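The values are calculated or read from the model by the stated rules, or taken from the named source; none is laboratory data. Computed from a predicted model, the values in this text were never measured in an experiment. Neighbour counts run over all protein chains shown; Cβ positions are idealised from the backbone, glycine included. Surface areas here come from the heavy atoms of the whole protein model, side chains and all, with no ligands, DNA or RNA. Shrake-Rupley method; radii C 1.70, N 1.55, O 1.52, S 1.80 Å.
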Amino acid sequence: GPGRGRPGRDGLRAPPAGTARGGMGSPRRLLLVSNSTLHGGGYLGHCQQHIKSFLGEKVKRVLFVPYALHDRDAYARTAREKFESLGYGLDSIHESCDPVEAVRKSEAIFIGKFYFLLPDEGLYRALDHSCSELAL
């Protein structure tokens, strides 16, 4: 399961306490999932309980970074359906008029694959800053 500093077998890890602050003043959660499905399972089915445990009850909305796929709208729809079924609202960064500010105000950030397809250097820096604040 998720541990501090080192990822578990599911690839999830929790940030150290008292690190990056999200929009509500609590620690920002950064969720990185390297594979969204396992053979025979649904989208995030293999790790949905870890996601709920990792995000907890204080997080209400998650910011999704969908740039790993070209059809960002479909990818965001899939992620939104899953996160809503888990009790979280989901905003996709590609729908934001100010993506950098969306990162700054986020309670949690979900990057469903690697984010090397980011369209904007400022957004990359904002995400990089969030990651470095989390000391992952």
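The requirement of being modelled with pLDDT of 90 or more and open to solvent by less than 60 Å² (accessible area, probe 1.4 Å) is satisfied by A108. Taking the range 40-73, which residues are of a type in the set (A, V, I, L, M, F, W, C) and more than 23 Å from D98 (Cβ to Cβ)? L44, C47, I51, F54, L55 - these are the residues of the range 40-73 that are of a type in the set (A, V, I, L, M, F, W, C) and more than 23 Å from D98 (Cβ to Cβ). All of (1) within 14 Å of the chain's Cα centre (by Cα); (2) surrounded by 17 or more Cβ atoms within 10 Å (Cβ to Cβ); (3) at pLDDT 75 or above hold for H46 with one exception: (1). Within the range 55-75, restricting attention to residues that are of a type in the set (D, E) and not in a helix (DSSP H, G or I), the residue that is surrounded by the fewest Cβ atoms within 10 Å (Cβ to Cβ) is E57.
Filtering the range 111-128 down to residues that are surrounded by 13 or more Cβ atoms within 10 Å (Cβ to Cβ) and outside any helix (DSSP H, G or I), which residue is modelled with the highest pLDDT? Out of the qualifying residues, it is I111.
Scanning the range 32-41 turns up at least one residue that is open to solvent by 10 Å² or more (accessible area, probe 1.4 Å), among the hydrophobic types (A, V, I, L, M, F, W, C) and free of Cβ contacts under 8 Å to residues at least 12 places away in the same chain.
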